[in-house]
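Here the structure is laid out as structure tokens; the discussion comes afterwards.
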Amino acid sequence: MIGLIVARSKNNVIGKGGRLPWKIDGEQEQFKDLTTGNAVVFGRKTYEEIGHPLPDRMNIVVSTSSVYCGKNLTTVRSLREAINAAKGADVFICGGYMLYKEAIPLVDKMYITEIDLEIKDGDVFFPEFDKNDFLLAVGETAGGDVKYTRTVYTRKCNTADFQS
């Protein structure tokens, strides 16, 4: 399974100044639950924002300019190489923008947490995608002062499977 996991604001912001523009208790629990024991794929900037490999996961960084290696950490030059490096594990694309954009045509599922905020001056946005290609399941809404809603977009038919 190839999945994508992201949190975005009401105005589609996923980053501001090289960081997540919010810190909401409980919001990242789904990320940990879904990705633990699987492969996570980051672009270089996203990985550098985190600053270290995530525990109990295969960490794969897509970069043409830097090399990262270590326990459960490898660097590849493309998204296709990342998927192959996962060696059959479930793969979760974790950002940033360029990796998300490249991955959308390939993913089976997108786990999108909709944050009930408008972020002014955001500088990284989640790419547009054709919602007609997916079935939408709306999950729980949670949060304190700032609410968030879990959604899952499941591909109706992955046309990439039929391309040679």
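The values are calculated or read from the model by the stated rules, or taken from the named source; none is laboratory data. As the structure is a computational prediction, the values presented were derived from the model and not from experiment. Reconstructed Cβ throughout: ideal geometry from the backbone, glycine too, with neighbour counts over all protein chains shown. Just the protein is used for accessible areas: all its heavy atoms, side chains included, with ligands, DNA and RNA removed. Shrake-Rupley method; radii C 1.70, N 1.55, O 1.52, S 1.80 Å.
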| field | Surface share of carbon and sulfur [accessible, 1.4 angstrom probe, percent] for the chain | value | 49
| LYS131 accessible area, nearest 10 Å², 1.4 Å probe? | 120
| request: Give me the number: length gained by fully extending THR36 to ASP130, i.e. 0.36 nm times residue separation minus the C-alpha to C-alpha distance, one decimal in nm. | output: 31.0 nm
| field | With all protein chains modelled, accessible area of PHE125 [1.4 Å, Å²] | value | 90
| query | Between THR149 and TRP22, what is the label-to-label distance in nm when each label sits 7 Å out along the Cα-to-Cβ direction? | reply | 1.2
| message | Taking the solvent-accessible surface of protein heavy atoms with a 1.4 Å probe, what is the per residue accessible area of the chain in Å²? | response | 56
| said: Probe radius 1.4 Å, ligands and nucleic acids left out: which of LYS16, LYS87, LYS32 has the largest accessible area, and how do the rest follow? | reply: LYS87, LYS32, LYS16
| said: If you count only protein heavy atoms and use a 1.4 Å probe, how large is the accessible surface of ILE50, to the nearest 10 Å²? | reply: 60
| Could you work out Rg/(2.2 N^0.38 Å) for region 29-108, with Rg from alpha carbons only? | 0.97
| Where the convex hull is taken over the Cα atoms of region 35-164, what is its projected area averaged over directions, in nm²? | 9.5
| field | Listed pairs LYS87/LYS120; LYS45/LYS147; LYS10/LYS109; LYS87/LYS147; LYS32/LYS156; LYS10/LYS71 exceeding 29 Å between Cα atoms | value | LYS87/LYS120; LYS87/LYS147; LYS10/LYS71
| query | Projected onto the charge dipole of region 50-124 (+1 at Lys/Arg Cβ, -1 at Asp/Glu Cβ, origin at the Cα centre), which of PRO105, GLY95, ASN72 gives the Cα projection farthest towards the positive end? | reply | ASN72
| note | From the Cα centre of region 58-80 to that of region 87-106, the distance in Å is 13
